[in-house]
Amino acid sequence: MRDRKVYHARRNRFRARARLLSMSKKRPTHGSAPQTPLSPSNGSASGGGCLYIVGTPIGNLEDITLRALRILKEVDLIACEDTRHTQKLLSHYNISKALVSYHEHNEMTRSPELLIQLEQGAKIALVSDAGMPLVSDPGYRLVTLCVRHKIPVVPVPGPSAMLAALAAAGLPNEEFLFVGFLPQRSDERRRMLEHLRIEERTMIFYEAPHRVAESIADAQEILGDRPACIAREVTKLHEEFLRGKLSQLAESLAERPARGEITLIVGPPEPSASTGQADSTQSLSDRVDELIRQAKLDRKEALKLAAKERGLTRRAAYEQLVDSKAKPN
């Protein structure tokens, strides 16, 4: 009986050792890649094409992930906004790869061309000049084509100017709204800001240096003198953060105009601040009609904004509006 127990114990130990040995042969060695390059677990079907959305540095060339570098080395083609700009990044990391331009002026025709290559099995990386593609950059048309034709689309996350600026701005960030670029024309820009007048989350804008002073002046007039931050040249040699009220930032820009890439962060209004000055002589009904006409708001949004300007609840404003309509002229 004792010999039989010893035999079974030895046999179980041997089997356990054999299982461990088998597992160790399948497990990658320390420091090796956990999967084969561009494998199905990376989003590409076996033998099929795949589009990789690759984030690239917004300034400092060291701000790129190891995964992004691997993808750029292994794809068949890189589609980029400016081939000369992307070539500088590739040369810095000794990557030699075929490049093709893909920007806002040719994406209508280039997207179908790239789709054909993807359907034939090509692995393509899409990059922008800086940051994540599609975030105020070209790429949406190509991605939607891939989704429609069931081509895998794999994001490879990287730097983002808006998130980097938000993190360092010192403004509330539990909730925020990314607006992107404001319209270039003054009337269109002011109309968009009118839409945002009742917005109480921190807002993030991209702006050109030669327009940022005008945009800040419009924002102060329409949104009120909110706390804000200008993030300039983020991650670059001359990185700078200017913090203060919109009025203070306007004064600073008057003394020293902005240069370089600009991200403007506008915080929520302070509790005691009024978001714009309402005309006390103007009736609520007239103000609602004015907002509908000028800011292109629907009636519900216009009423909400007009109520906020007057310190009324939306219900009280609605009742006041109904009463004014009921009264004879």
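Would you be able to say whether some residue in the range 181-197 is closer than 12 Å to VAL266 by Cβ, touching a residue at least 60 places away in the same chain (Cβ under 8 Å) and assigned to a loop (DSSP other than H, G, I, E, B)? Yes, there is a match, as at least one residue in the range 181-197 is closer than 12 Å to VAL266 by Cβ, touching a residue at least 60 places away in the same chain (Cβ under 8 Å) and assigned to a loop (DSSP other than H, G, I, E, B).
When LEU118 is tested against (1) out of contact with any Gly (no Cβ under 8 Å at 6 or more places or on another chain); (2) crowded, with 20+ Cβ neighbours inside 10 Å, only condition (1) is not met.
Name the residue, out of ARG211, ARG243, that is among the basic types (Lys, Arg) and closer than 17 Å to VAL179 by Cα. Even if it seems obvious, please write down each step before you answer.
Working: ARG243 fails: closer than 17 Å to VAL179 by Cα.
Answer to the check: ARG211.
Looking at the range 136-155 only, could you name the residues that are in a loop (DSSP other than H, G, I, E, B), within 13 Å of GLU119 (Cα to Cα) and open to solvent by 40 Å² or more (accessible area, probe 1.4 Å)? Reasoning before the result, please.
Keep residues of the range 136-155 that are in a loop (DSSP other than H, G, I, E, B), which gives 136-139, 149-152.
Filter again for within 13 Å of GLU119 (Cα to Cα), leaving 149-152.
HIS149, LYS150 - these are the residues of the range 136-155 that are in a loop (DSSP other than H, G, I, E, B), within 13 Å of GLU119 (Cα to Cα) and open to solvent by 40 Å² or more (accessible area, probe 1.4 Å).
Per this entry, PRO133 is not counted among residues that are touching an Asp or Glu at 6+ places or on another chain (Cβ under 8 Å), of a type outside the set (Val, Ile, Thr) and assigned to a loop (DSSP other than H, G, I, E, B). Could you list, ordered by first residue, the pairs with Cβ atoms under 9 Å in which the first is in the range 90-110 and exposed (fewer than 15 other Cβ atoms within 10 Å of the Cβ) and modelled with pLDDT of 95 or more and the second is part of a loop (DSSP other than H, G, I, E, B) and among the acidic types (Asp, Glu), at least 6 apart or interchain? Within 9 Å, the pairs are ALA98/ASP76.
Considering only residues that are of a type outside the set (A, V, I, L, M), part of a loop (DSSP other than H, G, I, E, B) and touching a residue at least 24 places away in the same chain (Cβ under 8 Å), which ones fall in the range 250-264? Can you show your working first?
Let us first name the residues in the range 250-264 that are of a type outside the set (A, V, I, L, M), namely 251-252, 255-257, 259-261, 263.
Applying the additional criterion that residues be part of a loop (DSSP other than H, G, I, E, B) yields 256-257, 259-261.
Correct list: PRO257, ARG259, GLY260, GLU261.
Of all residue pairs spaced 6 or more apart or on separate chains, those with beta-carbon atoms under 9 Å, a first member in the range 219-232 that is polar (S, T, N, Q) and a second member that is open to solvent by 10 Å² or more (accessible area, probe 1.4 Å) are GLN220/LYS245; GLN220/SER247; GLN220/ALA250.
Being touching a Gly at 6+ places or on another chain (Cβ under 6 Å), on the phi < 0 side of the Ramachandran plot and either open to solvent by less than 50 Å² (accessible area, probe 1.4 Å) or at pLDDT 85 or above (or both): is that true of ILE58 here? Walk me through how you get there before you give the answer.
Working: touching a Gly at 6+ places or on another chain (Cβ under 6 Å): yes; on the phi < 0 side of the Ramachandran plot: yes; either open to solvent by less than 50 Å² (accessible area, probe 1.4 Å) or at pLDDT 85 or above (or both): yes.
Considered against the rule, which asks whether it is touching a Gly at 6+ places or on another chain (Cβ under 6 Å), on the phi < 0 side of the Ramachandran plot and either open to solvent by less than 50 Å² (accessible area, probe 1.4 Å) or at pLDDT 85 or above (or both), ILE58 comes out as yes.
For the range 156-181, a residue qualifies if it is more than 13 Å from the chain's Cα centre (by Cα) and open to solvent by 30 Å² or more (accessible area, probe 1.4 Å), and the qualifying residues are ALA167, ALA168, GLY170, PRO172, ASN173, GLU174, GLU175.
The values are calculated or read from the model by the stated rules, or taken from the named source; none is laboratory data. Every value quoted in this text rests on a predicted model; they were computed, and no experiment measured them. Neighbour counts are summed over all protein chains in view; Cβ atoms, including those assigned to glycine, are modelled from backbone coordinates with ideal geometry. Ligands, DNA and RNA are excluded from the accessible area calculation, which covers all protein heavy atoms including side chains. Shrake-Rupley method; radii C 1.70, N 1.55, O 1.52, S 1.80 Å.
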